[in-house]
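Any read-out appearing in this document is the output of simple, stated calculations on the displayed coordinates, not a laboratory observation. Here the structure is a predicted model, which is why all the values come from computation and not from measurement. Please note: Cβ atoms are built from the backbone with ideal geometry, for glycine as well, and neighbour counts cover all protein chains shown.
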Amino acid sequence: MKKVIILGATSGIGRDVALRMLQRGWLLGIAGRRKDLLEELRKKYPENVVAYTIDVMKEDAAERLGRLIELRGGMDLFFLASGTGRQNPELDEDIEVCTAETNVTGFIRVTTAAYRYFETKGGGHLAVISSIAGTKGLGRAPAYSATKRFQSTYINALAQLAHIKNTNVRFTDIRPGFVDTALLNTKDHRYPMLMRSETVAGIIIKALDKKKRIVIIDWRYRLLVFFWRLIPRWLWERMKIRN
């Protein structure tokens with residue numbers, strides 16, 4: 001049975017992906033900041049789940065990830081669903097800095113730890129959730145857009161490093177659009193092409209099965225991103241994108 005570590009399994013896409021994997025009988029090591037939500041899932045599937053609190057903002061995140069891997073008895077797939085993001089047109093400094101620290105510093109801590117584990121083991125599968133926001137800079141969410149671009153570029157670099165070192169590590173960069181999770185304030189904003197987290201989780205599982213390198217969810221967003229890339233910089237900067 002496949003052994004999977006999911007970081008960010010307490011809610012949203014991470015939790016729905018965990019539930020899909022458990023339905024397949026996979027062995028999970030789940031992590032996040034909220035112990036109560038982790039325990040809720042562990043008690044429901046005691047034979048398949050071990051849980052451990054990890055906060056990517058803390059300096060001991062990599063060490064605690066290593067401990068969770070030990071508790072699970074190894075790791076075949078590392079799935080990173082942890083992250084943050086908010087619209088911030090007022091450029092509140094605290095929001096921008098928190099987003100950068102979580103999606104960049106925290107991302108580096110746990111992603112490099114997972115990569116080093118797979119390098120030592122001789123192979124594995126490393127998957128992360130970035131976003132289509134990394135395709136272009138969205139004016140209402142500067143830090144979020146930039147950090148998601150960073151994550152995709154970092155995975156590109158790790159993939160090249162794995163090739164240079166002849167290490168059998170596979171990578172999947174998952175790029176959703178708007179998903180109805182706690183990250184989006186759907187009460188105050190109406191988002192176009194909003195997707196259900198459960199639906200997105202199903203698409204992710206299929207992509208992981210095929211070990212796809214880049215996954216844009218779903219076809220509507222693939223079409224959107226295609227046209228985004230065709231827009232010249234000078235025109236993009238003058239577009240008034242509201243959401």
Open item on the list: Can you show me the helix-derived [θ] at 222 nm for the chain, built from DSSP H runs with n ≥ 4 at -39,500 (n - 2.57) apiece and divided by the number of residues, rounded to the nearest 500.
Closed with: -14000 deg cm²/dmol
Task: Amide proton proximity set for PHE171, modelled H, under 5 Å, gap of 5+ - done: LEU126
Open item on the list: What's the ranking of 62-73, 7-18 by average number of surrounding C-beta atoms within 10 Å, highest first?
Closed with: 7-18, 62-73
Task: 5 Å binning of all Cα-Cα separations within region 1-104, expressed as whole percents from 0 upward - done: 2, 13, 23, 23, 16, 10, 6, 4, 2, 0
Task: Pairs beyond 28 Å (Cα-Cα), from LYS43/LYS210; LYS58/LYS211; LYS136/LYS165; LYS148/LYS210; LYS44/LYS212; LYS58/LYS148 - done: LYS43/LYS210; LYS58/LYS211; LYS136/LYS165; LYS44/LYS212
Open item on the list: Which residues does the label zone of ASN168 cover in region 103-119, counting backbone N under 18 Å from a point 7 Å along Cα→Cβ?
Closed with: 115-119
TODO: Mind checking which of THR167, LEU38, ALA100 is farthest towards the positive end of the chain's charge dipole, using Cβ charges of +1 (Lys, Arg) and -1 (Asp, Glu) about the Cα centre?
DONE: THR167
- [ ] Enumerate the calculated ³J(HN,Hα) couplings along region 120-135 in order (Karplus 6.51 cos²θ - 1.76 cosθ + 1.60, θ = phi - 60°), each rounded to whole Hz, writing x wherever the residue is Gly or Pro.
- [x] 5, 5, x, x, x, 10, 10, 10, 9, 9, 9, 5, 5, 4, x, 5
TODO: Calculate the length of the line joining the C-alpha centroid of region 2-36 to that of region 99-156, in whole Å.
DONE: 19 Å
Task: Note, ³J(HN,Hα) from phi for region 164-173, Karplus 6.51, -1.76, 1.60, rounded to Hz, x at Gly and Pro - done: 4, 8, 6, 9, 7, 10, 9, 10, 9, 9
- [ ] Enumerate the residues in region 65-86 having an amide nitrogen under 19 Å from the point lying 7 Å beyond the Cα of GLU47 toward its Cβ.
- [x] 72-73
Task: Listed peptides 212-218, 103-109 by packing density, highest first (mean Cβ within 10 Å) - done: 103-109, 212-218
Task: Charge dipole (debye, nearest 20) of region 1-106; +1 at Cβ of Lys and Arg, -1 at Cβ of Asp and Glu - done: 880 debye
Open item on the list: Positive end of the dipole of region 14-125, charges at C-beta (+1 Lys, Arg; -1 Asp, Glu), about the Cα centre: which of GLN23, TYR52, ALA81 has its Cα farthest in that direction?
Closed with: GLN23
Task: Highest average packing first - 155-164, 25-34, Cβ atoms within 10 Å - done: 25-34, 155-164
Open item on the list: Once R0 is set to 35 Å, what does the formula 1/(1 + (r/R0)^6) return for the Cβ-Cβ distance between LEU230 and LEU161, expressed as a FRET efficiency to the nearest 0.05?
Closed with: 0.70
